[in-house]
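The values are calculated or read from the model by the stated rules, or taken from the named source; none is laboratory data. Treat the numbers as computed from the prediction; the structure is a model and nothing was measured. Counting neighbours? That spans all protein chains shown, and the Cβs are built from the backbone with ideal geometry, glycine included. Ligands, DNA and RNA are stripped out before the accessible areas are found, and what is left, the full protein with its side chains, is counted by its heavy atoms. Shrake-Rupley method; radii C 1.70, N 1.55, O 1.52, S 1.80 Å.
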Amino acid sequence: WIHSDQGALLLAAGRYQEALETARIAMELDPAMPSTYGLAAAALFRMDSDDEAIRMMERADSLSEHPLYRGLLARAYGRVGNREGALEILDELKELRQHRYVPPRAFANAYLGLDSLDAAMDWLIEAAVTRDPSLHWDIRSSRLRDHPRYPELLRLMRLE
């Protein structure tokens with residue numbers, strides 16, 4: 001966990017290569033920890049290594065039953081132009097929501113991958129209303145900052 005957290009901080013600081021190296025150390029220590037693969041995928045995307053990033057995100061998803069990883073995988077698929085894969089996951093999330101809790105952030109990430117910013121913002125605002133403690137990771141996209149409802153989202157998070 002320490003390496004994973006350190007990698008997340010390095011990622012947020014824009015130190016992508018160091019974040020990736022730290023994620024790889026964490027993977028060696030615990031190869032079954034999905035968050036480290038997600039961290040590696042995020043760093044790889046920022047370093048324009050999309051194919052390897054997709055493999056890492058697919059690995060993270062395969063290691064977890066948490067729907068958030070499905071949403072993150074949909075976002076990754078959308079990023080590389082696999083719209084069909086992203087839409088398929090979005091349909092899975094909608095179906096899953098009929099049977100169990102699916103965090104709003106999962107839907108927000110899927111819609112971000114599909115470039116549906118209004119729908120993504122709707123789900124991010126729902127996440128803010130329900131006080132999702134990890135929402136801060138999903139609001140940093142520069143595309144979202146230009147959205148007219150971004151100030152409302154920040155206000156709901158008490159970050160205005």
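Some values worked out for this structure:
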quantity: Leading residue by the ranking (modelled with the lowest pLDDT) among those in segment 137-150 that are open to solvent by less than 80 Å² (accessible area, probe 1.4 Å) and of a type outside the set (Ser, Thr, Tyr); calculated: 138
quantity: Filter pass, residue 154 being part of a helix (DSSP H, G or I), open to solvent by 10 Å² or more (accessible area, probe 1.4 Å), more than 19 Å from residue 35 (Cβ to Cβ) and modelled with pLDDT of 95 or more; calculated: no
